[in-house]
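The values are calculated or read from the model by the stated rules, or taken from the named source; none is laboratory data. This is a predicted model, so every value here is computed, not measured. Note: ideal-geometry Cβ built from the backbone for every residue, glycine included; neighbour counts use all protein chains shown.
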Amino acid sequence: MRLAPSHQHYKALAEKYAHLAPYGEQPDSQLLFERMKPMQIAALETLALRGYIDEGSFKAGIFKPTQNEIPIELADRISRINYEQSDLVDFLRILATGYDVSGENGLKARSQLMDSRYDAI
């Protein structure tokens with residue numbers, strides 16, 4: 001992934017967490033991303049149906065959390081993993097807040113996971 005110069009140090013995270021990959025060689029990143037799409041949509045639909053994200057907003061293509069509390073066991077697990085992998089959480093925050101999705105310097109173009117040739121400039 002092409003990162004801004006100030007974010008280049010995050011590239012070391014891939015090697016740091018490589019041991020957590022449960023499988024051997026992965027297919028091409030773009031193919032893997034595309035294959036994950038149905039599972040990601042199913043997971044988001046489940047979150048909407050269970051009331052953790054706003055169902056109406058989700059149907060409009062917007063991810064909007066609700067005030068519903070998640071089960072304590074899940075909250076504890078999320079907190080523990082977020083703490084243990086705080087550098088990854090920080091990197092995801094940087095990606096979500098520091099980069100546009102579209103455009104020549106957007107996440108689609110930088111990651112090459114989605115076609116960005118026809119993005120509005």
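I need the full set of residues from segment 53-82 which are of a type in the set (Gly, Ala, Ser), assigned to a helix (DSSP H, G or I) and not assigned by TED's automatic domain parsing to the domain that holds Arg110, in order please.
Within segment 53-82, Gly56, Ser57 meet the criteria.
Anything in segment 64-73 that is loosely packed, with under 11 Cβ neighbours inside 10 Å and among the aliphatic types (A, V, I, L, M)? List them, or say none.
Ile72
From Val101, Val89, which residue is surrounded by 11 or more Cβ atoms within 10 Å (Cβ to Cβ) and part of a loop (DSSP other than H, G, I, E, B)? Steps first, please.
Values: Val89 fails: part of a loop (DSSP other than H, G, I, E, B).
The match here is Val101.
Given Lys37, Lys108, which one is of a type in the set (Lys, Arg), exposed (fewer than 12 other Cβ atoms within 10 Å of the Cβ) and within 16 Å of the chain's Cα centre (by Cα)?
Working: Lys108 fails: exposed (fewer than 12 other Cβ atoms within 10 Å of the Cβ).
Lys37 is the lone residue from the list that is of a type in the set (Lys, Arg), exposed (fewer than 12 other Cβ atoms within 10 Å of the Cβ) and within 16 Å of the chain's Cα centre (by Cα).
Just a yes or no: is a residue in segment 37-52 at pLDDT 90 or above, outside any helix (DSSP H, G or I), touching a strand residue (DSSP E or B) at 6+ places or on another chain (Cβ under 9 Å) and not small (Gly, Ala, Ser)? If you could, list the steps in order and put the result at the bottom.
Filtering segment 37-52 down to residues at pLDDT 90 or above leaves 37-52.
Within this subset, residues satisfying the condition of being outside any helix (DSSP H, G or I) are 50-52.
Those left that are additionally touching a strand residue (DSSP E or B) at 6+ places or on another chain (Cβ under 9 Å): 52.
Then drop every residue that is not not small (Gly, Ala, Ser), which leaves 52.
Yes, that holds for at least one residue.
Output the qualifying pairs, or none if there are none: Cβ atoms under 6 angstrom, residues six or more apart or on different chains, first residue in segment 108-120 and under 10 Å from Met1 (Cβ atoms), second residue acidic (Asp, Glu) and exposed (fewer than 15 other Cβ atoms within 10 Å of the Cβ).
From segment 108-120, no pairs qualify.
Out of Ile81, Ile121, report the one residue that is closer than 25 Å to Ala12 by Cα and either at pLDDT below 90 or surrounded by 11 or more Cβ atoms within 10 Å (Cβ to Cβ) (or both). Before the answer, list the steps.
Numbers: Ile121 fails: closer than 25 Å to Ala12 by Cα.
Going through Ile81, Ile121 in turn, just one is closer than 25 Å to Ala12 by Cα and either at pLDDT below 90 or surrounded by 11 or more Cβ atoms within 10 Å (Cβ to Cβ) (or both): Ile81.
Looking for whichever is of a type outside the set (Lys, Arg) and either loosely packed, with under 10 Cβ neighbours inside 10 Å or in the same structural domain as Lys108 (by TED's automatic domain parsing) (or both) here; the options are Ala4, Ala18. Which one fits? Step through it out loud before you land on a result.
Working: Ala4 fails: either loosely packed, with under 10 Cβ neighbours inside 10 Å or in the same structural domain as Lys108 (by TED's automatic domain parsing) (or both).
Sole residue among the options that is of a type outside the set (Lys, Arg) and either loosely packed, with under 10 Cβ neighbours inside 10 Å or in the same structural domain as Lys108 (by TED's automatic domain parsing) (or both): Ala18.
Being free of Cβ contacts under 8 Å to residues at least 12 places away in the same chain and aliphatic (A, V, I, L, M) narrows it down to one residue among Leu44, Leu3, Leu49, Leu13; which is it? Steps first, answer last, please.
Details: Leu44 fails: free of Cβ contacts under 8 Å to residues at least 12 places away in the same chain; Leu3 fails: free of Cβ contacts under 8 Å to residues at least 12 places away in the same chain; Leu13 fails: free of Cβ contacts under 8 Å to residues at least 12 places away in the same chain.
Exactly one of Leu44, Leu3, Leu49, Leu13 is free of Cβ contacts under 8 Å to residues at least 12 places away in the same chain and aliphatic (A, V, I, L, M), namely Leu49.
Yes or no: Gly56 at positive phi and either free of Cβ contacts under 8 Å to residues at least 24 places away in the same chain or of a type in the set (Lys, Arg) (or both)?
On the way: at positive phi: no; either free of Cβ contacts under 8 Å to residues at least 24 places away in the same chain or of a type in the set (Lys, Arg) (or both): yes.
Criteria not met by Gly56.
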